[in-house]
Amino acid sequence: MTRLRTAAAMPKSASSVEKVDTSYLESLLGYNARRAALAVIEVFLQRMAQYDLRPVDFSVLSLVTHNPGITSRQLCTTLGILPPNLVGMINALEKRELIERRPHPRDGRAMGIHLTPSGEKLMRDAERTAAELEAEVASRLTAAEGRILIRLLKKVYL
């Protein structure tokens with residue numbers, strides 16, 4: 001025989017939630033930063049698929065674009081990447097003929113990383129795409145709010 005339980009007789013574990021309370025999570029910097037990052041990264045991945053670039057590849061190539069001759073050590077330090085992880089990435093970008101290594105002019109042990117002509121073209125297009133998607137994602141902010149947000153985020157990680 002089946003008996004229906006009344007609300008008072010139901011165990012506490014069987015309660016339901018009508019409206020999810022996110023107030024504690026929303027008070028956390030990390031939670032909010034991660035949610036914002038996920039919103040941006042989702043669009044970034046869609047837009048950068050045409051260039052076959054992940055966020056880390058884009059970051060490496062952007063640094064090479066704006067710092068021709070940058071070394072692997074400098075890339076690791078700037079991006080917080082472990083050297084073994086960067087090696088595979090550099091090799092893959094070199095295999096795609098987007099970058100090339102050349103002897104460093106002042107350090108005989110180091111190699112400078114430079115874009116190839118096809119890497120330069122790809123990055124012109126990819127950085128234009130990145131600027132467009134940033135403008136779209138930041139459209140809910142005023143220009144001043146966008147600058148303030150970037151300044152405050154940098155205070156957290158620098």
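Some notes on this structure:
- For the chain, size of Cβ-based charge dipole, Lys and Arg +1, Asp and Glu -1, in debye: 520 debye
- Partners for Lys95 among aspartates and glutamates (Cα-Cα distance below 19 Å; same-chain residues under 8 apart left out): Asp52, Asp57, Glu120
- Stokes-Einstein D in µm²/s, Kirkwood radius over Cα pairs - segment 37-98 at 25 °C with 0.890 mPa s viscosity: 199 µm²/s
- With Cα atoms, 0 to 90° folded angle of helix 117-137 axis to the chain main axis: 30 degrees
- When each of the peptides 110-119, 135-144 is scored by how many other beta carbons lie within 10 Å of its residues on average, the order from highest to lowest is 110-119, 135-144.
- Inter-label distance, Leu133 to Ser59: 1.5 nm, where each label sits 7 Å from its Cα along the C-beta direction.
- Applying 1/(1 + (r/R0)^6) with r as the Cβ-Cβ distance of Glu145 and Glu18 and R0 = 35 angstrom yields a FRET efficiency of 0.60.
- Average accessible surface area per residue within the chain, 1.4 Å rolling probe, Å²: 76 Å²
- Long-range amide H partners of Ile70 with built H, under 5 Å: Ile113
- Shape index of segment 98-144: Rg/Rh, with Rg the Cα radius of gyration and Rh the Kirkwood radius from the inverse mean 1/r over Cα pairs, equals 1.28.
- Inter-label distance, Gln50 to Gln74: 3.1 nm, where each label sits 7 Å from its Cα along the C-beta direction.
- Per atom type, segment 51-142 shows carbon and sulfur on 53% of its accessible surface, probed at 1.4 Å.
- Note on the chain: Rg/Rh from Cα positions, Kirkwood definition for Rh, rounded to two decimals, is 1.21.
- Shown are Glu120, Glu42, whose ranking by accessible area with a 1.4 Å probe and every protein chain present, most to least, is Glu42, Glu120.
- Residue (of Leu38, His66, Leu28) at the positive-pole extreme of the chain, dipole from beta-carbon charges: Leu28
- q = 0.16 Å⁻¹, segment 72-158: log10 I(q)/I(0) [Debye, one scatterer per Cα]: -0.89
- Note that segment 90-98 has calculated 3J(HN,Hα) couplings of 4, 4, 5, 5, 5, 5, 7, 6, 9 Hz, one per residue in order, obtained from phi through the Karplus relation 6.51 cos²θ - 1.76 cosθ + 1.60 (θ = phi - 60°); glycine and proline are x.
- Structure-based [θ]222 nm, the chain - -39500 (n - 2.57) summed over DSSP H runs of at least 4, per residue, nearest 500: -19000 deg cm²/dmol
The values are calculated or read from the model by the stated rules, or taken from the named source; none is laboratory data. Since the structure is predicted, the reported quantities are computational estimates derived from the model, not experimental observations. Because the Cβ atoms are built from the backbone with ideal geometry, glycine has one as well, and the counts that use them run over all protein chains shown. Heads up: the accessible areas ignore ligands, DNA and RNA and are worked out on the full protein's heavy atoms, side chains in. Shrake-Rupley method; radii C 1.70, N 1.55, O 1.52, S 1.80 Å.
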